1. What's the carbon and sulfur percent of the chain's accessible surface, probe 1.4 angstrom, rounded to a whole number?
2. So, with +1 on the Cβ of K and R and -1 on the Cβ of D and E, and no other charges, what is the size of the charge dipole of region 66-119 about its Cα centre, to the nearest 20 debye?
3. Name the long-range amide H neighbours of residue 49: under 5 Å, sequence gap of 5 or more, or other chain; modelled H, no Pro or chain starts.
4. Go ahead and run the numbers for FRET between residue 9 and residue 112, Cβ-Cβ distance against an R0 of 30 Å, rounding to 0.05.
5. What size of dipole, in debye to the nearest 20, comes out for the chain about its Cα centre when the only charges are +1 on Lys and Arg C-beta atoms and -1 on Asp and Glu C-beta atoms?
6. Hey, what do the phi angles of region 82-98 turn into as Karplus ³J(HN,Hα) couplings, whole Hz, using 6.51/-1.76/1.60 and θ = phi - 60°, x for Gly and Pro?
7. Which longest run of the chain has no exposed loop site in it, a site being trypsin sites (Lys or Arg not before Pro) in a DSSP loop with at most 13 other beta carbons within 10 Å, and the site itself not part of the run?
8. Kindly state, to the nearest 0.05, the FRET efficiency for residue 37 paired with residue 64, given R0 = 25 Å and r defined as their beta-carbon distance.
Amino acid sequence: MAGEPQPDCLFCKIVSGEIPATIVRETDTTVAFRDINPQAPTHVLVIPRLHHPDAASLAAAEPQVLADVVREAGQVAADEKITDTGYRIVFNTGAGAGQTVLHTHAHVLGGRGLQWPPG
């Protein structure tokens, strides 16, 4: 059920502490940790503690928590000292867009040039 921890979800297991991660920030509603396969010098994931499969479903069910995720993404950028050089916040939705874990997560990417379109 959306919002509740899913026993087979990697990110739910990180939230519960069952699987270790390099956590850089935590709040009552979010957890931020370093991506294990970084695509930029700074690559941190910000996730809600609640389980929702993607950003749109989180926004529909818990809009304040989605706002918390985005706010924390900005704080991660500040902590990582990439606000002056620029950073990207990315939400992938669906396998065709590269989403491999069906738990809402924002990628905070920076520390190098990030041309658009990516690739």
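The values are calculated or read from the model by the stated rules, or taken from the named source; none is laboratory data. Values in this document were obtained by computation on a predicted structure and should not be read as measured data. Reconstructed Cβ throughout: ideal geometry from the backbone, glycine too, with neighbour counts over all protein chains shown. Areas reflect the complete protein model, heavy atoms only, side chains present, ligands, DNA and RNA absent. Shrake-Rupley method; radii C 1.70, N 1.55, O 1.52, S 1.80 Å.
1. Details: 3610 of 6570 Å².
The value for the chain is 55 percent carbon and sulfur by accessible area.
2. On the way: 4 positive and 5 negative charges, 36 e Å.
It works out to roughly 180 debye.
3. Close amide H contacts, sequence-distant or interchain: 30, 31.
4. Values: r = 30 Å, r/R0 = 1.01.
Using R0 = 30 Å, I get an efficiency of 0.50.
5. Working: 8 positive and 13 negative charges, 72 e Å.
Computed about the Cα centre, the dipole is about 340 debye.
6. Values, residue by residue: 10, 5, 6, 8, x, 8, 10, 10, 10, 10, 8, 10, x, 4, x, 9, x Hz.
7. Numbers: sites that count: 81, 112.
Excluding the exposed sites themselves, the longest stretch runs over 1-80.
8. Numbers: r = 30 Å, r/R0 = 1.20.
Given R0 = 25 Å and the Cβ-Cβ separation, E is 0.25.
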